[in-house]
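Take a look at the structure set out below.
Each reported figure results from applying straightforward, stated rules to the coordinates on display, with no laboratory input. Note that the coordinates shown come from a computational prediction; the quantities given were computed from them, not determined experimentally. For neighbour counting, all protein chains shown are included, and Cβ atoms are generated from backbone atoms with ideal geometry for every residue, glycine included.
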Amino acid sequence: MKIDIIGAGSLGLLLAGMLMNSGCEVRLWCRTEDQAASLAESGLTVCNVAGEVQAHLKGEAMSAAPAPLFAAEWLKSPGDWLLLAVKQTVLHSELPDLLMPLRDITMNILCLQNGWGHLEMLQSLLPAASLYAGVTTEGAKRESGVRVIHAGKGHTYIGRWGEGGGGSLSPESLLAARLETAGFSASVSNQVETMIFRKLMINAVINPLTAIWRVSNGELLASAARIDLMRELYDEAAAVCDAAGIYREDSLWDDILNVCRATSGNRSSMLADVLASRETEIRWINGALAELARRTGVDVPLHRGIIRIIEGMIV
């Protein structure tokens, strides 16, 4: 199986390293020429949290290049899968121009973004493509452009966007099996839309508050005042979910608290973006929730206020 990965951040490096280590052919497409050159020179290393090497690929074994070259290479030598491991900000700002030459090409694309709204955009951009949604709880932390930490083992669910799950020989089943061979836990699901919204609700409560207070996930539970605000954000999100007819588990609030505990030392991606003065994904997380609230007639003043606060932090 030949897999192309656009995005050489934490998740992209983790996927590339583990898949290549298992014998899969991977082409990794980087945002910068410098990172591609570094990978070609130094290779790619995947470590666990204890610093033990899980996979090391030598530079000569790497196929890494700047992302703007992707479309031309795919047209010459198509892959079996394209994995999009970039943030929503990059997906919406840079990928449309990059992917436009493939508008009429039949291809399988797995989208691994947080938030909501990107799959509809991609389906409009690439009408001939088969789109798949991926929801993953794998933990990854990029130490450098050539080294990534597998910060926590999780599970990856894959499903055809807008359709039910396929059989054992469906493209998504074969990809899940390939991920399993690489050491990940993966399966096919026909409930990925529900899972995407579940993850959106978790991120909408945790991520912006860690960014505003500049704390790790676990530190959100350090005081009753913080937990109270988390609960108010959750209640607004739950009201939107119910009004839209989207299924949610009764345990979701407890699940959010457990995520904070399980990832207590983690720094959310939104906090990392704020600290680096980068645009955040607030528009596609809390913003998507606020838009759905508008459509369903639900008032979400806390989420609307949180959006303005986060957006005002980036100048």
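Axis angle, to the nearest 10 degrees, between helix 301-312 and the longest C-alpha principal axis of the chain: 50 degrees. Counting only lysines at least 8 places from Lys153 when in the same chain, those with an alpha carbon closer than 27 Å to its own are Lys2, Lys58, Lys87, Lys141, Lys199.
When the chain is described by a simple charge dipole with +1 on each Lys and Arg Cβ and -1 on each Asp and Glu Cβ, the residue from Leu14, Ile105, Ala293 located farthest towards its positive end is Leu14. The simple spin-label model puts a point 7 Å past each Cα toward its Cβ; for Asp34 and Arg261 those points are separated by 4.2 nm.
As a ratio to 2.2 N^0.38 Å, the alpha-carbon radius of gyration computed for the chain takes the value 0.98. Put simply, the amide H of Ser63, placed in the peptide plane, has neighbours under 5 Å in Leu28, leaving out anything fewer than 5 places away on its chain. Taking the average, over residues, of other Cβ atoms within 10 Å as the packing measure, peptides 68-76, 38-46, 89-97 rank 38-46, 89-97, 68-76 from highest down.
Extension gain, Thr106 to Arg294: 0.36 nm times the residue separation minus the Cα-Cα distance gives 64.1 nm.
Size of the dipole of segment 259-315 about the Cα centre, Lys and Arg at +1 and Asp and Glu at -1 on the beta carbon, nothing else charged, in debye to 20? Intermediate values should be presented prior to the final figure.
Numbers: 8 positive and 6 negative charges, 23 e Å.
The dipole magnitude comes to about 100 debye.
Full extension of the chain between Ser124 and Tyr247 gives 41.7 nm of extra length, using 0.36 nm per residue less the Cα-Cα distance. By the helix-only formula, in which each DSSP H run with n ≥ 4 contributes -39500 (n - 2.57) and the sum is divided by residues, the chain has a 222 nm mean residue ellipticity of -13500 deg cm²/dmol.
Over the Cα atoms of segment 186-315, the radius of gyration divided by the Kirkwood radius equals 0.95; this is the Rg/Rh ratio. Could you tell me which of rounded, prolate or oblate describes segment 2-189, using a ≥ b ≥ c as the square roots of the eigenvalues of the alpha-carbon gyration tensor, with rounded for a/c under 1.5 and, failing that, prolate when a/b is larger than b/c and oblate otherwise? Cα axes put segment 2-189 in the oblate bin. The alpha carbon centroids of segment 6-25 and segment 243-315 are separated by 28 Å. Electrostatic tally near Trp213: other residues with Cβ closer than 10 Å to its Cβ, Lys and Arg +1, Asp and Glu -1, net +1.
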